[in-house]
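Student: Here's a structure for you.
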Amino acid sequence: MFTGLIREIADCKVQNDKLAINAKYKPSIGDSIAVNGVCLSVVRIYGTGFEVELSHESKNIIALENYNGKVHIEPAMKLSDRVEGHILQGHIDTLGTIKKIEKRGANLDIYIKIQKEFIKFVIPKGSIAIDGISLTINDVFEDSFRLTIIPITVQNTLIKEYNVARRVNIETDMFARYIYHIFKKDKTLSWDEVDKINAIF
């Protein structure tokens, strides 16, 4: 699990089925680390960084073009950590495309288009992860949504380098997905299912 608070901006290079990441952060073999929001396992440590495994499945769903250069990294959270963003799994649901970036005072408004089938998991004033960053949704439209990014987030993430047409990794809200999956079957809930919902929250 992750929180969507970026630990570091690191340098990354795609090497076949692995990512070579040069970073100040020093993980251990087997550790889980989110790279642009994707949960990956550390398989090798070297002097200036580490390598993570990149599966065929991951390659097919992520914005792979953004992995040769700077990336966001976040180690998996500990049970004792404060949750200051929101709970993330590091599982990318879909890709988004930046349609518009507007300067609004000190903030940035970013409009992102996604596949319509995922818009049901995007909730006004709810949470979403963009390239591993925990953000709050302001407006939701038919196939897109609007985020307002405050200066400290712009300064400490790669958002400052984003431009129109860039593809980004998107993880929708885990709780929205679970609740939709439970209720979409149009049936009476059992007490076991009620207990599962309570356990989520």
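Student: Just to check your reading of the model, which residue among 78, 120 is out of contact with any helix residue (DSSP H, G or I) (no Cβ under 7 Å at 6 or more places or on another chain), surrounded by fewer than 19 Cβ atoms within 10 Å (Cβ to Cβ) and of a type in the set (Lys, Arg)?
Tutor: When all the criteria are applied, what remains is 78.
Student: Just checking, which of 142, 65, 84, 117 is within 13 Å of residue 167 (Cα to Cα) and not in a strand (DSSP E or B)?
Tutor: 65
Student: Could you list, in sequence order, all residues of segment 145-182 that are surrounded by fewer than 20 Cβ atoms within 10 Å (Cβ to Cβ), of a type in the set (D, E, K, R) and part of a strand (DSSP E or B)?
Tutor: Residues satisfying the conditions are 146, 167.
Student: Please go through segment 14-47 and give me each residue that is over 23 Å from residue 4 (Cβ atoms), among the hydrophobic types (A, V, I, L, M, F, W, C) and either in contact (Cβ under 8 Å) with a residue 40 or more places away in the chain or assigned to a loop (DSSP other than H, G, I, E, B) (or both), ordered by number.
Tutor: Passing the criteria: 14, 29.
Student: Let me ask something else about it. Is there a residue in segment 51-63 that is within 18 Å of the chain's Cα centre (by Cα), of a type in the set (Lys, Arg) and farther than 25 Å from residue 152 by Cα?
Tutor: yes
Student: Being in contact with a Gly (Cβ under 8 Å, 6 or more places away or on another chain) and in a loop (DSSP other than H, G, I, E, B) narrows it down to one residue among 92, 137, 112, 123; which is it?
Tutor: Criteria check complete, one pass: 92.
None of the figures in this text is laboratory data; all of them are computed from the coordinates on show. No experiment lies behind these values; they were computed from the predicted model shown. Quick reminder, even Gly has a Cβ in these numbers, built from the backbone with ideal geometry, and neighbours come from all protein chains shown.
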